[in-house]
Amino acid sequence: MPGDQFDEVLRLRPDGLVEAAGPISLKKDDPKKPPDTVMEMCVWVVQANAASNAMTGPDPGADPADPDLPSGKLAVANDRWRLVLPPMGDARLADGAATAVAIGVRMDMENNQQKALLWVQPVTLAATTSQAAGA
């Protein structure tokens, strides 16, 4: 769907996890019609020699804005999605350019039909550092 994508900058946590996230349009033009539902999503973030990946269905009640969203939990709410990805193997992603890929299934609740999701886009990974309290 138009507007479904990754944020331009994805957070690379100090523990090596990647916080993949972005907007998602699940509502219909007619507010009387039920919104679509994300059934499953597989997300990859890759660089030349490293990758992070997770595949899962949405976790009911999970909030994309939750700073403590655990690895492998897909949160979809308020026109946003977020999935925390663990590293694949020993190589770690680094700050800088990467490619993000999402493949998934959304359910058209009005017509009871599944639709494919596919997004591929360049992103930037940016590490964050925790700051001392009061700093």
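So how many residues does the range 82-132 have that are over 12 Å from the mean Cα position of the chain (by Cα), under 12 Å from GLY16 (Cα atoms), in a strand (DSSP E or B) and modelled with pLDDT of 90 or more?
Final tally of qualifying residues: 3.
Quick one: is ARG92 charged (D, E, K, R) and buried (at least 18 other Cβ atoms within 10 Å of the Cβ)?
Against the criterion (charged (D, E, K, R) and buried (at least 18 other Cβ atoms within 10 Å of the Cβ)), ARG92 does not qualify.
Output the strands (runs of 3 or more DSSP E) that fall wholly within the range 1-78 and possess 3 or more residues being touching a residue at least 40 places away in the same chain (Cβ under 8 Å), under 13 Å from LEU117 (Cβ atoms) and of a type in the set (A, V, I, L, M, F, W, C), or say none.
37-47
Which numbered condition in (1) exposed (fewer than 11 other Cβ atoms within 10 Å of the Cβ); (2) touching a strand residue (DSSP E or B) at 6+ places or on another chain (Cβ under 6 Å) is the only one that VAL123 fails?
Status for VAL123: all satisfied but (1).
Every residue in the range 111-133 that is within 30 Å of PRO31 (Cβ to Cβ) and either acidic (Asp, Glu) or in contact (Cβ under 8 Å) with a residue 12 or more places away in the chain (or both), please.
GLN114, LYS115, ALA116, LEU117, LEU118, TRP119, GLN121
Only one of ASP90, ASP95, ASP108 is free of Cβ contacts under 8 Å to residues at least 60 places away in the same chain and among the charged types (D, E, K, R). Can you tell me which?
Criteria check complete, one pass: ASP90.
Would you confirm whether or not the range 53-68 contains a residue that is surrounded by 14 or more Cβ atoms within 10 Å (Cβ to Cβ), touching a Phe, Trp or Tyr at 6+ places or on another chain (Cβ under 7 Å), within 20 Å of VAL101 (Cβ to Cβ) and at pLDDT 90 or above?
yes
The values are calculated or read from the model by the stated rules, or taken from the named source; none is laboratory data. Just so we're clear, the structure is a prediction, and the values are computed from it rather than from any experiment. Note: ideal-geometry Cβ built from the backbone for every residue, glycine included; neighbour counts use all protein chains shown.
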